[in-house]
Amino acid sequence: MTKSRSLRIAASVAIAATLAACSSTATTAPTTAPTTAAAATPVVTAAPAAKTYKDMVVGFIQTGSESGWRAANTSSFKETATADGIKLNFYDSQNKIENQITAFNTFIQDPTVNVIVLAAVGTTGYDDVLKAAKAAGKVVVIEDRRIDADASLYYTYIGSDFDKEGNNGAKAMCDLMKGSSGFNVVEIGGDQQASAAIDRAKGFREGIPTCANGTITILDSQNAAGWTPDTGKSIMEADLKKYAGKINGVYAHNDELAIAAIQAITAAGLKAGSGPTDIKVVGFDATADGFKYLISGEMGADIECNPLLAPQVYKAALDALNGVTGQATWTPSEEGQFFAAQGADALKAILATRKY
Ligand code: GYE
């Protein structure tokens with residue numbers, strides 16, 4: 001058999017082998033690497049179903065039960081959770097930061113909890129638990145009060161602009177003091193750890209220098225630990241003695257403290273109101289109790305603070321569970337202001353429409 005003939009046979013064997021490899025029915029192992037790989041069948045992995053409120057298990061760390069505002073805030077979370085089918089683990093911190101840290105760690109270690117909501121008693125001391133929660137894959141949402149922690153440590157903050165509230169409080173006090181016999185004010189502050197108290201005090205001091213009606217002077221400023229109304233009353237009673245006849249206004253950080261001051265003023269035989277010699281009282285929250293004293297005219301102004309934050313907070317948490325990014329760091333609450341000058345009938349009509 002000649003050389004050329006054997007070469008021709010070898011070549012034809014090689015071609016035969018290549019073709020065999022291309023056909024779907026090839027049985028023999030290919031001798032050479034196939035030139036074009038068979039089109040891989042695309043593996044379609046179904047996108048995970050979006051989480052719903054029924055998948056949310058929330059550990060809610062509330063400050064405590066220090067005021068009507070707080071009660072409305074707590075109800076907002078409990079009622080909305082029931083309505084949306086959210087499993088809510090509610091924790092009352094008794095206004096102690098150490099209790100909040102303990103609760104945080106409990107919720108971090110609880111595998112069923114996927115969302116932690118914090119209403120902070122203070123502004124600092126949360127970094128470690130926030131880092132631990134993040135490492136554990138928990139969604140954290142801050143509600144009500146701002147904290148001094150890096151925003152990367154939580155998903156978002158939903159709460160009031162207390163500084164702006166303080167500015168509004170200053171303007172309200174200035175308006176109330178138009179034609180007043182004097183411009184001396186005492187301040188009854190909320191718990192000094194709380195951003196609500198810190199910023200309302202700051203906002204007031206930023207605002208009073210702009211008062212065109214007169215130079216408002218802060219004669220005295222004290223904080224009621226835990227926002228306790230009885231402490232507020234004692235502060236007012238002591239101020240009325242110490243600054244007898246010199247007090248023209250009271251700047252109180254929530255309704256309970258404003259009402260406590262009014263009770264001390266009345267008990268001292270003096271009058272809280274908007275008359276030239278009356279003691280003008282500015283409060284915060286605009287709860288139903290606060291409205292009663294606006295309607296009676298004893299409280300001159302009540303700067304609203306919105307406690308009904310649960311729907312926004314749960315929505316943000318659900319977004320986080322579904323991987324939504326680019327969220328706002330802070331969503332300030334929508335709020336108004338109310339004045340005795342609006343008149344009792346108008347205020348009663350407004351009160352009848354309110355949930356807290
Ligand atoms: O003003 C007060 C409550 O954080 C806005 O806390 C809240 C404040 C509110 O104790 O009544």
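Just so you know, all these numbers are worked out from the coordinates, no wet-lab data involved. Note that the structure is predicted; figures quoted are calculated from it, not measured. In this analysis, Cβ positions are derived from the backbone assuming ideal geometry, glycine residues included, and neighbour counts consider all displayed protein chains.
Tabulated results
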{"read-out": "Tilt relative to the chain, helix 195-207 - C-alpha long axis, 0 to 90 degrees, to 10", "value": "60"}
{"read-out": "Rel. contact order, % - alpha carbon contacts under 8 angstrom, at least six apart, the range 263-326", "value": "25"}
{"read-out": "Rounded if a/c under 1.5, otherwise prolate or oblate - the range 217-302, Cα gyration tensor axes", "value": "oblate"}
{"read-out": "Per-residue ³J(HN,Hα) for the range 245-262, Karplus 6.51 cos²θ - 1.76 cosθ + 1.60, θ = phi - 60°, Hz, x for Gly and Pro", "value": "x, 10, 8, 10, x, 10, 10, 10, 6, 7, 5, 4, 6, 5, 5, 4, 5, 4"}
{"read-out": "Unit charges at the beta carbon, dipole of the range 119-169: most positive-side option, Tyr126, Val140, Ser160", "value": "Val140"}
{"read-out": "Charge dipole (debye, nearest 20) of the range 227-271; +1 at Cβ of Lys and Arg, -1 at Cβ of Asp and Glu", "value": "280"}
{"read-out": "Relative packing of peptides 127-133, 48-54 - highest average C-beta neighbours within 10 Å first", "value": "127-133, 48-54"}
{"read-out": "Contact order normalised by residue count of the range 190-261, Cα under 8 Å, 6+ apart, percent", "value": "36"}
{"read-out": "Nearest-ten-degree value, helix 162-176 long axis tilted from longest Cα axis of the chain", "value": "20"}
{"read-out": "Using θ = phi - 60° and Karplus 6.51 cos²θ - 1.76 cosθ + 1.60, couplings along the range 275-291 (whole Hz; Gly, Pro as x)", "value": "x, x, 9, 6, 8, 7, 10, 10, x, 9, 3, 6, 7, 4, 5, x, 4"}
{"read-out": "Nearest-ten-degree value, helix 68-84 long axis tilted from longest Cα axis of the chain", "value": "30"}
{"read-out": "Charge dipole (debye, nearest 20) of the range 217-350; +1 at Cβ of Lys and Arg, -1 at Cβ of Asp and Glu", "value": "320"}
{"read-out": "Mean separation of Cα contacts under 8 Å (6+ apart) over length of the chain, as relative contact order %", "value": "16"}
{"read-out": "The chain, helix-only ellipticity at 222 nm - DSSP H runs n ≥ 4, -39,500 (n - 2.57), divided by all residues, nearest 500", "value": "-12500 deg cm²/dmol"}
